[in-house]
Each structure stands twice: as C-alpha cells, then as structure tokens.
Amino acid sequence: MYSTIGRIAARALETQVIAGAMGNWLNQLQPGGSVYQSWSMTASASGYGLNEAPRGAVGHWLQIQNGAIGNYQLVVPSTWNFGPRCSADKPRPVESALVGSPVVDPKRPVEILRTIHSFDPCIACAVHVIDPQEDRTYTIRVV
C-alpha cells in the first residue's frame, strides 16, 4: 500500500503492536536500579549509528577530538524523504508520492497536504541536556 492511506494505516498498526508490547517492557524494569553510570570521555574516537525510526532511516556520525565532540552529524528521515534528487536524478519518496496525485480543487489542494502529512515531516528538532549531578536541565539555542 504505497499510498497516503497505506502510510497512515502502517502507523496505526505499529502503534497497536507497540502498545501490546509495553506491558512486557514495563515488567522488565527493575525498581530502585541505577539509571545513570559515570564515565569519562576518551581523547579521540569516531563512531556512527544507523537505525530505522517511525519516519524512516536515521543516521548519526560522531568524532571525538581532544576529549570533546569535534564533529556531529545527524541525518533525519525528513532529509531522505524531502531532500533534492540524488546524482542519478532519482526523485525522493515525497516527490514520487506527489507525482500524478489528483487535486479536486487547485485553490484548496488538500490532497497534496494529506500526502505530505502522511510522511510525518519532522523539520524542527530538540536536544535535551540533563546534568545528573545538579539535577538540572539546560536549554541550548543555536542561531
């Protein structure tokens, strides 16, 4: 079901599966257990993490230099779904989904909005920093 309704239905079914699994996950928690483990930053290292998120593929790349983060790159699903065409001129998923979409009223193209919303675009992101020693959270704004 490569369609707007297919993406919405898949999200609803996944939500039901996750809700069914949550009871088992809750039973695996050990009350009173440690939730924080101290560690020290290495002088230099690099790594990456690739995962499948509800919106699509997500990738993190990290370099540690002189005991601090030297470079961090995050590529989110909206980048893959909404980005420009690749070097082979292949359209991204949103563009592919919009091509040939019928629009009943061009002055109110709700069909286009429904298709775009079905990809659940994530444009703004947040980073939460928690200091366990001070029991304080920080808000960091990048301009």
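The values are calculated or read from the model by the stated rules, or taken from the named source; none is laboratory data. None of these values were measured; they are calculated from a predicted model. Positions of Cβ are backbone-derived with ideal geometry, glycine not excepted, and every protein chain shown enters the neighbour counts.
Pairs needed: first member in region 65-86, at pLDDT 90 or above; second member anywhere, hydrophobic (A, V, I, L, M, F, W, C) and in a loop (DSSP other than H, G, I, E, B); C-beta distance under 6 Å; at least 6 residues apart or different chains.
Listed pairs, sorted by first residue: Gly67/Met41; Gly67/Ala43.
Of Val143, Val110, Val127, Val103, which residue is more than 15 Å from the chain's Cα centre (by Cα) and modelled with pLDDT under 85?
Matching residue, one of Val143, Val110, Val127, Val103: Val143.
Among the candidates Gly20, Gly49, which residue alone is modelled with pLDDT of 95 or more and more than 28 Å from Pro132 (Cα to Cα)?
Exactly one of Gly20, Gly49 is modelled with pLDDT of 95 or more and more than 28 Å from Pro132 (Cα to Cα), namely Gly20.
What number of residues within region 28-46 satisfy the criterion of being in contact with a Gly (Cβ under 6 Å, 6 or more places away or on another chain) and at pLDDT below 90?
1
Residue under question is Leu29, and the condition is that it be over 24 Å from Ser118 (Cα atoms) and either of a type outside the set (Lys, Arg) or touching a helix residue (DSSP H, G or I) at 6+ places or on another chain (Cβ under 7 Å) (or both); does it hold?
Yes.
From Leu62, Leu98, grab the single residue that is within 30 Å of Ile5 (Cβ to Cβ) and at pLDDT 85 or above.
Among Leu62, Leu98, only Leu98 is within 30 Å of Ile5 (Cβ to Cβ) and at pLDDT 85 or above.
Please count how many residues of region 33-71 are within 30 Å of Ser118 (Cβ to Cβ), surrounded by 10 or more Cβ atoms within 10 Å (Cβ to Cβ) and not small (Gly, Ala, Ser).
7
For Trp25, state whether it is at pLDDT 90 or above and either on the phi > 0 side of the Ramachandran plot or not small (Gly, Ala, Ser) (or both).
Spelling it out, Trp25 is indeed at pLDDT 90 or above and either on the phi > 0 side of the Ramachandran plot or not small (Gly, Ala, Ser) (or both).
Please verify whether region 132-139 includes one or more residues that are more than 30 Å from Gln37 (Cβ to Cβ) and either at pLDDT below 85 or hydrophobic (A, V, I, L, M, F, W, C) (or both).
For region 132-139, residues more than 30 Å from Gln37 (Cβ to Cβ) and either at pLDDT below 85 or hydrophobic (A, V, I, L, M, F, W, C) (or both): absent.
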